[in-house]
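The values are calculated or read from the model by the stated rules, or taken from the named source; none is laboratory data. Keep in mind it's a predicted model, so treat the numbers as computed, not measured. Note that each Cβ is placed from the backbone with ideal geometry, even for glycine, and that neighbours are counted across all protein chains shown. These area figures cover heavy atoms from the full protein model, side chains too; ligands, DNA and RNA do not enter into them. Shrake-Rupley method; radii C 1.70, N 1.55, O 1.52, S 1.80 Å.
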Amino acid sequence: DIEFIDKMFKLFDEFGFVHTQNTVHAVYSIFITDQTTAQITRDDCLGMFTDALKGSLRQIEGRIRKYQDKASSIPVSIKEADVDSNLPHAQKLCEKIEKLRSRVETIVYQQSVMGIEINKFNSFDKLIKSAHLAVDLFEALQQWNQIVRTLTHVPFAQINMKKFRVDIESLKDKASLLQREVDNPQNYPILNELIMKIQETAPFVEQLELLAFGKMQLRHWNMLFEACDRQNAYHDDITIEELMNLGILRARDKIAEI
């Protein structure tokens, strides 16, 4: 503005126009003085506010470390996992972390206002990822436990095979996604174990569908079991686990033929 007015008044002078003096110079000088005073005041008081901010930072950093330890405490194996307890705890931890978000955002904003950078809280983003990963993993384990109950306790004749296929494929996709999301799969042996167990079961879905939709009668079952050298092993309440352990499901060609 000052430069524009000075150039305009110079143009007026060249053409002999009468004009007032440019008063913005004086106003600007006052502004510079006030700005310098404000900067000195800021520098004098910054330490007091920085100390207070550092206190809040330490509190949040401690909370993040505590939550990160909990989010990373994943059982090593499926046998060690208590999903009925682990999943609710993981979900509750996510709720606590979400409540911490506003405090983190406030502290980051306060640093930007003060023109300082002490902690940008990248660890908070890592915490969120770890916590949600734990929830997704325990949900996948819960799905697997339901499938295991179907495999081991529900008679094959009573299983909804269409639903069983959907459940297996859904869990397989979820486990694959989890494997891609983790930074180092070796740190999650329980996930690797889950994927291995899914891979041991999923290939038999086609044979199970053939048996489920093939209108198998007792004579057909006996014929199949005899072909697999498992005479008299069939019974009405036979489970998928038994069919797998007896090697029946490996006889795909014989199943298709019968």
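Results, tabulated for the structure shown:
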read-out	value
Filtered residue count, the stretch 49-60, keeping only those that are open to solvent by 50 Å² or more (accessible area, probe 1.4 Å) and either within 20 Å of residue 130 (Cβ to Cβ) or not basic (Lys, Arg) (or both)	4
Complete set of residues in the stretch 221-243 that are open to solvent by less than 30 Å² (accessible area, probe 1.4 Å) and part of a helix (DSSP H, G or I)	221, 224, 225, 240, 243
Members of the stretch 65-87 that are charged (D, E, K, R) and either closer than 14 Å to residue 194 by Cα or surrounded by fewer than 16 Cβ atoms within 10 Å (Cβ to Cβ) (or both)	65, 66, 69, 79, 80, 82, 84
Hey, residue 98 over 15 Å from residue 194 (Cα atoms), without any contact (Cβ under 8 Å) to a residue 12 or more places away in the chain, open to solvent by 30 Å² or more (accessible area, probe 1.4 Å) and not in a helix (DSSP H, G or I) or not	no
Test result for residue 143, in contact with a Lys or Arg (Cβ under 9 Å, 6 or more places away or on another chain) and within 25 Å of residue 88 (Cα to Cα)	yes
Any hit, the stretch 188-208, residues being within 28 Å of residue 78 (Cβ to Cβ), at pLDDT below 95, aromatic (Phe, Trp, Tyr) and buried (at least 17 other Cβ atoms within 10 Å of the Cβ)	yes
Residues within the stretch 1-11 that are touching a residue at least 12 places away in the same chain (Cβ under 8 Å) and assigned to a helix (DSSP H, G or I), tallied	4
Residue that is farthest from residue 203 (Cα to Cα) [pool: residues in the stretch 244-258 that are of a type outside the set (A, V, I, L, M) and not in a loop (DSSP other than H, G, I, E, B)]	257
Some residue of the stretch 227-236 being of a type in the set (A, V, I, L, M) and under 23 Å from residue 154 (Cβ atoms)	yes
Test: residue in the stretch 52-61 that is of a type outside the set (A, V, I, L, M) and closer than 30 Å to residue 189 by Cα	yes
Qualifying position, being of a type in the set (A, V, I, L, M), at pLDDT 95 or above and in a helix (DSSP H, G or I), among 108, 148	148
Boolean, residue 182 is under 30 Å from residue 127 (Cα atoms) and either without any contact (Cβ under 8 Å) to a residue 24 or more places away in the chain or surrounded by 12 or more Cβ atoms within 10 Å (Cβ to Cβ) (or both)	yes
Count - residues of the stretch 138-194 that are of a type in the set (D, E, K, R) and closer than 19 Å to residue 242 by Cβ	1
Some residue of the stretch 105-124 being open to solvent by 50 Å² or more (accessible area, probe 1.4 Å), closer than 22 Å to residue 182 by Cβ, among the acidic types (Asp, Glu) and without any contact (Cβ under 8 Å) to a residue 12 or more places away in the chain	no
Selection count where residues are in a helix (DSSP H, G or I) and either touching a residue at least 12 places away in the same chain (Cβ under 8 Å) or open to solvent by 70 Å² or more (accessible area, probe 1.4 Å) (or both), scope the stretch 12-35	11
Among (1) in contact (Cβ under 8 Å) with a residue 12 or more places away in the chain; (2) farther than 21 Å from residue 224 by Cβ, the one test that residue 166 misses	(1)
